[in-house]
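Take a look at the structure set out below.
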Amino acid sequence: MKYCTRCKLIFNNDNQNICPKCRKKLISNPSSYSAVNVVTANGFELERIRSALTDADIPFSVQETRSDTGIQILNSAPPENCNIFVPLSSYDDAIDVLVGINALKDNEIPEIDEKTQEELKKVKAQAEKDEMSPRKRFWVKLLSLIGFLLVITGVVYLTDYLMSSVKTFFGW
């Protein structure tokens, strides 16, 4: 699997080294958090996709296409086209959701070969492994709170000690 850092697209062909859209060099091992462009939409379709991805708990971001920015500024109109990006670890789930709501037509569904599919599964497994369990998150928060309180207490005691030393020095 290859990834274009500018276009935010993935490609199946491992022999391909240049992005066909922007002519930038492709990278081989993108991070599980790398943003991937899954669809371009506008208007009602954009809102429909947003709500479907939100309901499926898939993180996403929306960015206007570069060609529409000037038109939007001049007309103060909503953007014509927006790209929707998801993390690489959520790519399969996002495609399934978009196919389920008919946001992607049959000819728009990206073809993913078996090797790329396996790589996507590894990326997803790694992202799930990296995520903290609720129990671990609780203990990290608790220890962070205790550490913060200890630092504040230390600063207060140190300030009090220094002020008493200054008072003693000047005889106040």
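Among residues of the stretch 152-167 that are in a helix (DSSP H, G or I), those with a beta-carbon under 9 Å from a residue that is among the aromatic types (Phe, Trp, Tyr) at least six positions away or on a different chain give the pairs VAL166/TRP172. Consider only pairs whose beta carbons are under 6 Å apart and that are at least six residues apart or on different chains; among these, list those whose first residue lies in the stretch 58-86 and is open to solvent by 60 Å² or more (accessible area, probe 1.4 Å) and whose second residue is assigned to a loop (DSSP other than H, G, I, E, B) and modelled with pLDDT of 80 or more. Between residues of the stretch 58-86 that are open to solvent by 60 Å² or more (accessible area, probe 1.4 Å) and residues that are assigned to a loop (DSSP other than H, G, I, E, B) and modelled with pLDDT of 80 or more, the close pairs are GLU80/ASN42.
Can you list the helices (runs of 4 or more DSSP H) lying wholly within the stretch 57-150 that have 2 or more residues being modelled with pLDDT of 85 or more? Reasoning before the result, please.
Values: elements: 69-75, 91-100, 114-130.
The qualifying helices (runs of 4 or more DSSP H) are 91-100.
For the stretch 1-46, a residue qualifies if it is touching a residue at least 24 places away in the same chain (Cβ under 8 Å), among the basic types (Lys, Arg) and either in a strand (DSSP E or B) or within 15 Å of LYS121 (Cα to Cα) (or both), and exactly one does: LYS2.
The values are calculated or read from the model by the stated rules, or taken from the named source; none is laboratory data. Note that the structure is a prediction, hence the values are computed from the model and not measured. Don't worry about glycine lacking a Cβ; one is built from the backbone with ideal geometry, like all the others, and counts go over all protein chains shown. What goes into the accessible areas is simple: the full protein's heavy atoms, side chains included, and nothing from ligands, DNA or RNA. Shrake-Rupley method; radii C 1.70, N 1.55, O 1.52, S 1.80 Å.
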